[in-house]
1. Can you tell me which residue among Ala73, Ala85, Ala17, Ala81 is modelled with pLDDT under 95 and within 15 Å of the chain's Cα centre (by Cα)?
2. Restricting attention to the stretch 116-130, does a residue exist that is assigned to a helix (DSSP H, G or I), surrounded by fewer than 16 Cβ atoms within 10 Å (Cβ to Cβ) and hydroxyl-bearing (Ser, Thr, Tyr)?
3. Looking at this structure, is Asp26 within 15 Å of the chain's Cα centre (by Cα) and either among the hydroxyl-bearing types (Ser, Thr, Tyr) or at pLDDT 95 or above (or both)?
4. Do the conditions hold for Ser98, that is, is it in contact (Cβ under 8 Å) with a residue 40 or more places away in the chain, among the hydroxyl-bearing types (Ser, Thr, Tyr) and in a helix (DSSP H, G or I)?
5. Inside the stretch 34-93, can you point out the residues that are part of a helix (DSSP H, G or I) and among the small types (Gly, Ala, Ser)?
6. Counting just the residues of the stretch 56-87 that are aliphatic (A, V, I, L, M) and in contact (Cβ under 8 Å) with a residue 60 or more places away in the chain, which one comes out surrounded by the fewest Cβ atoms within 10 Å (Cβ to Cβ)?
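The values are calculated or read from the model by the stated rules, or taken from the named source; none is laboratory data. Note that this is a predicted model, so its numbers are computed, not measured. In this analysis, Cβ positions are derived from the backbone assuming ideal geometry, glycine residues included, and neighbour counts consider all displayed protein chains.
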Amino acid sequence: MSTQHSNSQTSEISACADEREVLDRDELLQRCLGNFEFVERILDRFSEDFETKLDGIRELSKSREVYQLHQLAHQMKGTAANIAAHRIQACLCDLERSIDEETWDSLDLLIDSLECEFRGFQKVRQTPAQANTPSDPSKQGVADHE
């Protein structure tokens with residue numbers, strides 16, 4: 001029974017770590033000085049804009065518009081970094097590198113991977129946040145400064 005409980009805890013910890021790679025809510029909340037409503041607005045805006053920008057990336061990659069494609073990927077990478085969407089950020093970094101190197105063969109795969117990461121982000125985004133109980137005790141005072 002103790003082993004089952006231990007395995008269950010390990011799975012929960014692993015799932016939390018994976019979710020933080022997709023979207024680190026604690027990091028974003030800290031950046032937003034504990035303002036939960038602001039965090040939600042930021043995440044809503046990111047979600048709304050992302051699909052349009054992903055369509056733009058697809059179109060620009062078809063026409064091989066290197067400069068515009070690089071600019072859009074770079075902008076999206078910065079936004080993902082700002083909201084602590086680390087896996088999307090990493091994917092966009094790979095995409096940006098592929099654009100710079102003009103490795104067009106891998107570009108479609110990277111764009112598909114980016115879309116997959118965004119679906120993962122949406123899934124994590126829709127799960128209830130543990131926003132009122134930060135996992136790091138040092139962050140507990142952040143929400144008090146609203």
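1. The conditions single out Ala17.
2. Among the residues of the stretch 116-130, not one is assigned to a helix (DSSP H, G or I), surrounded by fewer than 16 Cβ atoms within 10 Å (Cβ to Cβ) and hydroxyl-bearing (Ser, Thr, Tyr), which makes the answer no.
3. no
4. Spelling it out, it is not the case that Ser98 is in contact (Cβ under 8 Å) with a residue 40 or more places away in the chain, among the hydroxyl-bearing types (Ser, Thr, Tyr) and in a helix (DSSP H, G or I).
5. The answer is Ser47, Gly56, Ser61, Ala73, Gly78, Ala80, Ala81, Ala90.
6. Ala84
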